[in-house]
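Read the structure below first, then the notes.
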Amino acid sequence: MKRIVLVLLSVVALAAAEDDKRAIAEANAAVRRGNEFAANNSLPRARAEYQRALKIFPKHVDALYNLAVVCEKLGENKTAIEHYRHYLEIKPNDADVWTQLGVRYDEADNKLDAEAAYEKALAINPKFGRAHHNLGVLLKEQGKLDAAQKHFERFVQLEEAGNGQKGDAYYSLGTLLLARGRLKDAKIVLQKALDVDPS
């Protein structure tokens with residue numbers, strides 16, 4: 001009897017696995033269609049395809065991520081936040097998505113949650129430059145200039161080490177130094193920004 005039950009459970013598990021494979025394949029097809037619509041700036045149609053993918057397979061992280069991005073572009077910030085949060089329930093160690101969630105919170109004037117999201121991103125990946133930059137901007141706006149400067153300086157270090165967008169990094173640090181009245185230092189850093197990116 002015990003052996004029969006184990007065999008039946010194995011058959012059920014195999015059938016469930018096949019159903020999951022079919023659902024994932026259907027969801028992937030919907031995501032591909034959504035990506036094509038998004039590439040052609042047909043955002044409402046892209047949103048519909050990503051939503052279709054999620055009805056078929058609710059834990060499809062690509063559909064969640066892309067849906068959040070489309071909602072951002074459509075000006076649906078609250079909905080974008082919901083989709084990013086759902087994504088992070090499934091994949092909680094994604095520093096990029098925590099950073100994007102921080103941007104969405106900041107856009108909604110929810111500074112505490114924005115700061116927490118950036119800090120979470122940096123706890124996951126201390127070398128994530130964009131999180132340092134965004135947190136620095138947020139802290140600067142709050143008048144926390146010492147903390148902001150540390151994040152901008154770290155952003156500069158990371159961009160220099162990785163040959164990233166040094167112009168942005170220098171500009172952010174330079175404007176902070178200017179706000180602090182450190183004109184000589186600000187001039188040096190802002191000149192670096194112009195040297196690497198005249199625009």
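Find how many whole Å separate the alpha carbon centroid of the stretch 121-183 from the alpha carbon centroid of the stretch 17-32.
42 Å
Tally Lys and Arg at +1 and Asp and Glu at -1 over the other residues with C-beta under 12 Å from the C-beta of ARG33: what net charge comes out?
Charge balance near ARG33 sits at +1.
Add +1 for every Lys or Arg and -1 for every Asp or Glu among the other residues with Cβ under 12 Å from the Cβ of ASP106, and state the total.
Net of charged neighbours comes to -3.
Using just the alpha carbons, could you tell me how many Å³ per residue the convex hull of the chain encloses?
Each residue corresponds to 160 Å³ of Cα convex hull volume.
Only Cα pairs under 8 Å and at least 6 apart count here; give the relative contact order of the stretch 59-180 as a rounded whole percent.
Normalised by residue count, the contact order of the stretch 59-180 is 15 percent.
Calculate one ³J(HN,Hα) per residue across the stretch 139-146 by plugging θ = phi - 60° into the Karplus curve 6.51 cos²θ - 1.76 cosθ + 1.60, and present them in order as whole Hz with x for glycine and proline.
Karplus values, whole Hz, x for Gly and Pro: 5, 4, 4, 8, x, 8, 6, 4.
Once you have the Kirkwood Rh of the stretch 109-173 from its Cα pairs, apply Stokes-Einstein at 4 °C and 1.567 mPa s and quote D in µm²/s.
112 µm²/s
Around PRO198, what is the net charge, scoring Lys/Arg as +1 and Asp/Glu as -1 over all other residues with Cβ under 15 Å from its Cβ?
Charge balance near PRO198 sits at -1.
Treating only the Cβ atoms of Lys and Arg (+1) and Asp and Glu (-1) as charged, compute the dipole magnitude of the stretch 127-171 about its Cα centre; round to the nearest 20 debye.
Rounded to the nearest 20 debye, it is 120 debye.
Evaluate the charge dipole of the chain about its Cα centre and quote only its size in Debye, nearest 20, assuming +1 on the Cβ of each Lys and Arg and -1 on the Cβ of each Asp and Glu.
Details: 30 positive and 28 negative charges, 61 e Å.
Roughly 300 debye, rounded to the nearest 20.
Which percent of the accessible heavy-atom area of the stretch 58-199 goes to carbon and sulfur, probe 1.4 angstrom?
50 percent
Modelling each spin label as a point 7 Å along the Cα-to-Cβ direction, I'd like the ASP195/ASP96 distance in nm, to one decimal.
3.1 nm
Ignoring ligands, DNA and RNA, what accessible area per residue does the chain give at 1.4 Å, in Å²? Please list the in-between numbers first.
Numbers: 11830 Å² over 199 residues.
Per-residue accessible area for the chain comes out at 59 Å².
The values are calculated or read from the model by the stated rules, or taken from the named source; none is laboratory data. Worth saying up front: this structure is predicted, and the values here are computed from it rather than measured. Neighbour counts are summed over all protein chains in view; Cβ atoms, including those assigned to glycine, are modelled from backbone coordinates with ideal geometry. The protein model used for the area step is the full one, side chains on, heavy atoms only, and it has no ligands, DNA or RNA in it. Shrake-Rupley method; radii C 1.70, N 1.55, O 1.52, S 1.80 Å.
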